[in-house]
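Single-structure report; data block below.
Please treat every number below as a calculation from the coordinates, not as lab data. Bear in mind that the values here come from a model prediction, so they are computed numbers and not experimental data. Virtual Cβ from ideal backbone geometry, glycine too; neighbours counted across all protein chains shown.
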Ligand code: L14
């Protein structure tokens, strides 16, 4: 079976993340014997190219998963809730890119650089974490391992593509309207299903996903809870503020951390991250070198820079973390999980 590859399904194949999943499967030359492309009814019938072959996307139903071995889901939480168990029932391993199962005790929440081993306990569904969480924990894990970690305070600067292809379109159309002096009506951002919609072009909006009763947004709570779960650190202090910017793709994060060890230098942190898997260090103030989303689009790595020591606390550090939210934040992490499943002979 290994030589020929696996029967893979992509659910949400026409979406912003689904398209990147196909691109990543191609680019990684993932062993595929058969590919099934699925979507909600709305997008069914669309044509999609994969390895120079044209596929017609079909409406996802329970029966669509007959014979599927690996199913990558990215068609929204309700589709995952409905169909992921159906795929598992038919023998597939599901890698789910929605928030539907992330905090479920029976579901491993995996970033391979951090907790690949957690895959071994899977019961059919594996959750792909939130995009903002993934890029942060890739940078935090080597620091935790080397110096210990007890506190994280993060502010995000998130791109619109996280909210899907329609949000990208809204940013572009709005920017055009504003430059032309035309009227416009925000309809999607900050959250499609929420009551009010606000301008995103030439603006900054401190709301990603819906508000919870505690005053934090769901995106902020995802970062807080998922970070603790992935790093197996229920006691870690984490706070998050998530902000949407008029950037098309690439999330940025200003992160403050406190380590356990005393006397650690910024240089030590830089050297550690430079050698760590999945990280590219871009940190040279003398040459104005630091990560920016425009330079990270299309790349799988997490980019880290602006590493400096807090001026008041010996164990405090500040850094700037940027990654392509559709790749390491979504499609690449999902495909990487699939590669790990193959490597660990779990599929
Ligand atoms: O939890 O609107 O996977 O940018 C990440 C992107 C939720 C929406 C998730 C956005 C999504 C979020």
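Computed over the chain with a Gaussian network model linking Cα atoms closer than 10 Å, the most mobile of 337, 178, 93 is 178. Residues considered: 303, 65, 202. Largest GNM mean-square fluctuation over the chain, using C-alpha springs under 10 Å, is found at 202.
A straight line joining the Cα centroids of segment 116-132 and segment 307-342 runs 17 Å. Within the listed set 232, 252, 99, the residue fluctuating most in the Gaussian network model of the chain (springs between alpha-carbon atoms under 10 angstrom) is 232.
Work the Kirkwood hydrodynamic radius out for segment 175-300: mean of 1/r over every pair of different alpha-carbon atoms, inverted, in Å. Its Kirkwood hydrodynamic radius stands at 18.0 Å. Compactness of the chain, taken as the C-alpha radius of gyration over 2.2 N^0.38 Å, stands at 0.99. Extension gain, residue 232 to residue 198, is 8.5 nm, computed as 0.36 nm per intervening residue step minus the present C-alpha separation. With the convex hull drawn over the C-alpha atoms of segment 130-180, the volume per residue is 86 Å³.
Put a dot 7 Å past each Cα toward the Cβ at residue 104 and residue 275; how far apart are the dots in nm? It is 3.9 nm. Helical runs assigned H by DSSP (4 residues or longer) give the chain a calculated mean residue ellipticity at 222 nm of -9000 deg cm²/dmol, each run adding -39500 (n - 2.57) before division by the residue total.
Considering segment 1-121 at the alpha-carbon level, its Rg and Dmax are found to be 13.9, 41 Å. Computed from the alpha carbon atoms alone, the convex hull of segment 106-163 holds 112 Å³ per residue.
With both residues required to sit in segment 1-91, DSSP beta bridges show an antiparallel share near 25%. The simple Förster model, with R0 at 22 Å and r as the Cβ-Cβ distance, assigns residue 289 and residue 28 a FRET efficiency of 0.20.
For 138, 347, 191, which order do you get if you count the other beta carbons within 10 Å of each Cβ and list the fewest first? Mind showing how you got there, number by number?
Numbers: 138 26, 347 17, 191 22.
The most exposed by this proxy come first: 347, 191, 138.
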